[in-house]
């Protein structure tokens, strides 16, 4: 079993909250992780609502169902039994009144829908529940890295060095996916087809009543082809033959199921006209390759444009995965001016200071690659920590003050 970086965060949250909810895509490893915690670190009983009998009992009388379990309890795929959330609130409040010091760490929930996008469920446990996200395997987890990239980025503590390449980039991208297929290339096509069908035909019905389920697979393919581009709902609606309101609502539904995600635009009142549209990405780069029928090794050798498209999506997902489990708390954005200067990713801390990343799928970096980073630095002054160009070479190289060329391998070394 590959060690998951989120495990420590889950155990910490159980010390501080009565309820901890671990959400994330289906097959990301949530059930395996929480059962492992129950066996080794946090003894608990385990119930899954993938079993129809359990789901029926919980929905019929949620309070009685929960009271039948006297000790710590894991509730797997809890979004399938939404009636439980009000009962969980009632029992959490009871436990706090009886003995606040011992009320925490009572329930560990998992779910394959983003509960923050389901306000009726999340509101029921405000102040009583910590929400964490487990995404598919990261390159950092695959490589068993030390996790020093984000701390170095957010403190500008890079130093000139050579980063030893332990894994071919294509292999890292291929393996940073769902645990079940990380070492399996032969059956990936069938696995992904089954995965998409399960989510879009079954799971979506659990959280939304939509009339045109058949639109969703086509929409997912359209979004895969536009990964890394600015979101334009009017344009997307024409591509799938729906009105723009429907297209936007269905796109949000795919985000709720952790199939896609947006990177919001970064902006402040700087006097500079900035683009305020989000950029869209697929949550799993191997899924993107499946939908686009991309042969990673072949595109790396023969089609730099296609490989660059995949490479940027991979970096986006890796940043998101590492941010979900890192002690470095930052929000992920992109930056673009109206005259075309841009930075692929901006990580802003809670104190307003930020670091920025430009992604280049090349083996060398030039001064011109820092154009967008310099523009951002000039706009925000002292709040700019550093800017890096992430590339495929093997040396960390200083270009000027607070500006570095950094090998992509540094993300997981």
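Residue pairs, Cβ under 6 Å, 6 or more apart or interchain, first in region 277-296 and within 13 Å of residue 222 (Cα to Cα), second part of a loop (DSSP other than H, G, I, E, B). List them.
From region 277-296, the pairs are 280/231; 281/227; 282/227; 288/227.
Sort through 390, 379, 373 and tell me the only one that's at pLDDT 95 or above and outside any strand (DSSP E or B). Explain how you work it out, then say what you get.
Values: 390 fails: outside any strand (DSSP E or B); 379 fails: at pLDDT 95 or above.
The match here is 373.
Restricting to region 168-192, name every residue that is over 20 Å from residue 29 (Cα atoms) and touching a residue at least 40 places away in the same chain (Cβ under 8 Å). Spell out the reasoning first.
Step one: list which residues in region 168-192 are over 20 Å from residue 29 (Cα atoms), which gives 168-171, 186.
169, 170, listed by residue number.
Scanning region 353-362 for residues that are modelled with pLDDT of 95 or more and not in a strand (DSSP E or B), which turns out surrounded by the most Cβ atoms within 10 Å (Cβ to Cβ)?
So the residue we want is 360.
If we keep just the residues of region 138-149 that are closer than 24 Å to residue 14 by Cβ and buried (at least 20 other Cβ atoms within 10 Å of the Cβ), which is nearest to the chain's Cα centre (by Cα)?
138
Could you name every one of the helices (runs of 4 or more DSSP H) located completely within region 1-61 that has at least 1 residues being surrounded by 20 or more Cβ atoms within 10 Å (Cβ to Cβ) and without any contact (Cβ under 8 Å) to a residue 60 or more places away in the chain?
It comes to 52-60.
For region 184-216, name all the residues that are surrounded by fewer than 17 Cβ atoms within 10 Å (Cβ to Cβ), touching a helix residue (DSSP H, G or I) at 6+ places or on another chain (Cβ under 7 Å) and modelled with pLDDT of 90 or more.
189
The values are calculated or read from the model by the stated rules, or taken from the named source; none is laboratory data. Computed from a predicted model, the values in this text were never measured in an experiment. Using ideal geometry, Cβ is built from the backbone for each residue, glycine included, and neighbour counts are taken over all protein chains shown.
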